[in-house]
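Here's the structure we're looking at; comments come further down.
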């Protein structure tokens, strides 16, 4: 089945828009189809004055065989007008998303209840090149602006200027945490985009994360990371910046929660999560679980089931460990599972082969490099960068005097069963979006890397209940998910590398807690592209454990999933 994008332009003058419905009959060289149910999911009130609306449509079936429309010869637009209603249709464009072929149909006429239909043939050459523009406002204090924003897009063929950038679906755009989007129709192909110039009229400062632009015909994408103020009173005082095309900007959209409100059993009091190519690994109090990716995590499971490839390590019993052992957020690398363990003594990192999670093959006791004292009683997380195999971890909190420690791993020592396999490589201090202060975070809970050197951290703790004012005293105000881009590191055990927030911070709407209540607590996190992996109920790339910690009894699981956009 072929997929198509339908782009409809409404005139930009008084009373040009409509609330009426429409249908389009498309006649191609191979097939004919009627499309109706036009609803732009990104626009709550589409087909209004000046709108450029996008719709995803599919071709038809002949029996059970999908039919390509072929070369589109004509279309008929029919408008369900009410009495005295009218709509000014500028154009309709159709793009085959597989072949990237585009047909443009120019109307530039009114449709009314007396003349509700128009039949159009395609222009001999494409008239428009459509671009979707995404603008990301930061989450720093007072990051949003009410200023008038302008944007100039420069390609190697042509440029396009917008004097007043406006998201048609947001009456108050460019506020803190906003992701605003609009479609532009350029009469000239801009070619390969090289830079943008973006600024405003100084009616309030603005912290801009960046801009993403997508060619809607080819799906080619250009990213323009900024992560700076456009403000006379902040940064260097500039209210306009020219930005060259840069690297990908990782932004994430919350998809769903699965399992949700999971009852006790394997999921009660979960702490950590990671994966290899085919399996989930979870830590639960003093237990390690291994599930195949095709296992439905909402199913009840109390013990091992080798026929289903489900394995359970009871850490106290299988590894002769303390009954008080707390297993933190874990990670997999090079065929081994790395588990941070805290008990009444010095915390340590235990290592297991992913082929046998019942047998601990090595462990490394963790001491702080400066004074040789141990980490705090809770070693909550670790994360291994798949690009270089470096292991990252920290004490229970991070700040200017409490860095993240980075270690190299000696796999020969692990294979030999030695208990000294980590060597301090360097240290990292985290900086905020504005790069004017250190990030301070308590209750470090989880960490993971994607495949592009981005470190994701979770932190936050539950509170005891509402304040006397009746408002929940949320300890999670600075809790949630934070993302950092880790630069190339050189071995320097006595050095410290400064790393700034490079993506949506923990205050981003998508990374706030997706359920209510004051006893909510983030835990482990992992990055795994599960689109198309047949994980029941789960898709997306980023997966975070949240638990409903009510202070007594069972802690129910809410497993959050996010899609990279």
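A quick yes/no check of all residues on (1) under 27 Å from residue 349 (Cα atoms); (2) out of contact with any helix residue (DSSP H, G or I) (no Cβ under 9 Å at 6 or more places or on another chain); (3) assigned to a strand (DSSP E or B):
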site	(1), (2), (3)
268	yes, yes, no
280	yes, yes, yes
283	yes, no, yes
294	no, yes, no
323	yes, no, no
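Among the strands (runs of 3 or more DSSP E) lying completely within the range 382-436, list those that include at least 3 residues that are under 30 Å from residue 177 (Cα atoms) and at pLDDT 95 or above.
Qualifying strands (runs of 3 or more DSSP E): 382-384.
State which residue is modelled with the lowest pLDDT when the search covers only the range 503-526 and only residues that are surrounded by 21 or more Cβ atoms within 10 Å (Cβ to Cβ) and closer than 16 Å to residue 559 by Cβ.
511
Residue check: is residue 164 touching a strand residue (DSSP E or B) at 6+ places or on another chain (Cβ under 8 Å) and either free of Cβ contacts under 8 Å to residues at least 12 places away in the same chain or not assigned by TED's automatic domain parsing to the domain that holds residue 21 (or both)?
Spelling it out, residue 164 is indeed touching a strand residue (DSSP E or B) at 6+ places or on another chain (Cβ under 8 Å) and either free of Cβ contacts under 8 Å to residues at least 12 places away in the same chain or not assigned by TED's automatic domain parsing to the domain that holds residue 21 (or both).
Residues being without any contact (Cβ under 8 Å) to a residue 40 or more places away in the chain and assigned to a loop (DSSP other than H, G, I, E, B): count how many of those fall in the range 20-35.
Looking only at the range 20-35, we keep the residues that are without any contact (Cβ under 8 Å) to a residue 40 or more places away in the chain, and these are 31-35.
Filter again for assigned to a loop (DSSP other than H, G, I, E, B), leaving 31.
Final tally of qualifying residues: 1.
Scanning for something assigned to a loop (DSSP other than H, G, I, E, B) and within 25 Å of residue 483 (Cβ to Cβ), does the range 221-230 turn up at least one residue?
Looking through the range 221-230, none of the residues is assigned to a loop (DSSP other than H, G, I, E, B) and within 25 Å of residue 483 (Cβ to Cβ).
Can you work out which of the residues in the range 366-381 that are assigned to a strand (DSSP E or B) and either out of contact with any strand residue (DSSP E or B) (no Cβ under 8 Å at 6 or more places or on another chain) or surrounded by fewer than 18 Cβ atoms within 10 Å (Cβ to Cβ) (or both) is modelled with the lowest pLDDT? If you could, list the steps in order and put the result at the bottom.
Narrowing the range 366-381 to residues assigned to a strand (DSSP E or B): 367, 374, 381.
Add one more test, that the residue is either out of contact with any strand residue (DSSP E or B) (no Cβ under 8 Å at 6 or more places or on another chain) or surrounded by fewer than 18 Cβ atoms within 10 Å (Cβ to Cβ) (or both), and what stays is 367, 374.
Numbers: 367: 82, 374: 60.
Among those that are assigned to a strand (DSSP E or B) and either out of contact with any strand residue (DSSP E or B) (no Cβ under 8 Å at 6 or more places or on another chain) or surrounded by fewer than 18 Cβ atoms within 10 Å (Cβ to Cβ) (or both), it is 374.
Any idea which residue in the range 540-554 is surrounded by the most Cβ atoms within 10 Å (Cβ to Cβ), counting only those that are in a loop (DSSP other than H, G, I, E, B) and at pLDDT below 80?
Looking only at the range 540-554, we keep the residues that are in a loop (DSSP other than H, G, I, E, B), and these are 540-541, 549-554.
Cutting the leftovers down to at pLDDT below 80 gives us 549-554.
On the way: 549: 20, 550: 14, 551: 10, 552: 7, 553: 9, 554: 16.
So the residue we want is 549.
Could you please give the count of residues in the range 217-246 that are surrounded by fewer than 16 Cβ atoms within 10 Å (Cβ to Cβ) and in contact (Cβ under 8 Å) with a residue 40 or more places away in the chain?
Of the residues in that region, 5 qualify.
Against the condition farther than 13 Å from residue 352 by Cα, assigned by TED's automatic domain parsing to the domain that holds residue 449 and either in contact with a strand residue (DSSP E or B) (Cβ under 7 Å, 6 or more places away or on another chain) or at pLDDT below 95 (or both), how does residue 324 come out, does it pass?
Considered against the rule, which asks whether it is farther than 13 Å from residue 352 by Cα, assigned by TED's automatic domain parsing to the domain that holds residue 449 and either in contact with a strand residue (DSSP E or B) (Cβ under 7 Å, 6 or more places away or on another chain) or at pLDDT below 95 (or both), residue 324 comes out as yes.
Cβ-Cβ under 6 Å, sequence separation 6+ or interchain: first residue in the range 433-447 and farther than 18 Å from residue 544 by Cβ, partner modelled with pLDDT under 85. Which pairs?
Hits for this filter: 433/138; 433/140; 433/501; 434/140; 435/500; 439/432.
Can you name the number of the only condition in (1) at pLDDT 90 or above; (2) more than 30 Å from residue 204 (Cβ to Cβ); (3) surrounded by fewer than 21 Cβ atoms within 10 Å (Cβ to Cβ) that residue 75 fails?
(3)
Here are some conditions: (1) surrounded by fewer than 21 Cβ atoms within 10 Å (Cβ to Cβ); (2) at positive phi; (3) touching a residue at least 60 places away in the same chain (Cβ under 8 Å); (4) not assigned by TED's automatic domain parsing to the domain that holds residue 311. Residue 214 meets all but one. Which one does it not meet?
(2)
Could you list, in sequence order, all residues of the range 285-311 that are closer than 22 Å to residue 556 by Cβ and surrounded by fewer than 20 Cβ atoms within 10 Å (Cβ to Cβ)?
285, 295, 296, 298, 299, 300, 301, 302, 303, 310
Pairs, please: C-beta under 9 Å, at least 6 apart or cross-chain, first residue within 23 Å of residue 186 (Cβ to Cβ) and in the range 46-69, second at pLDDT 80 or above and surrounded by fewer than 12 Cβ atoms within 10 Å (Cβ to Cβ)?
47/19; 48/19; 49/13; 49/14; 50/13
The values are calculated or read from the model by the stated rules, or taken from the named source; none is laboratory data. This structure is a prediction, so every number in the text was calculated from the model and none was measured. Glycine also receives a Cβ, built like all others from the backbone with ideal geometry; neighbour counts cover every protein chain displayed.
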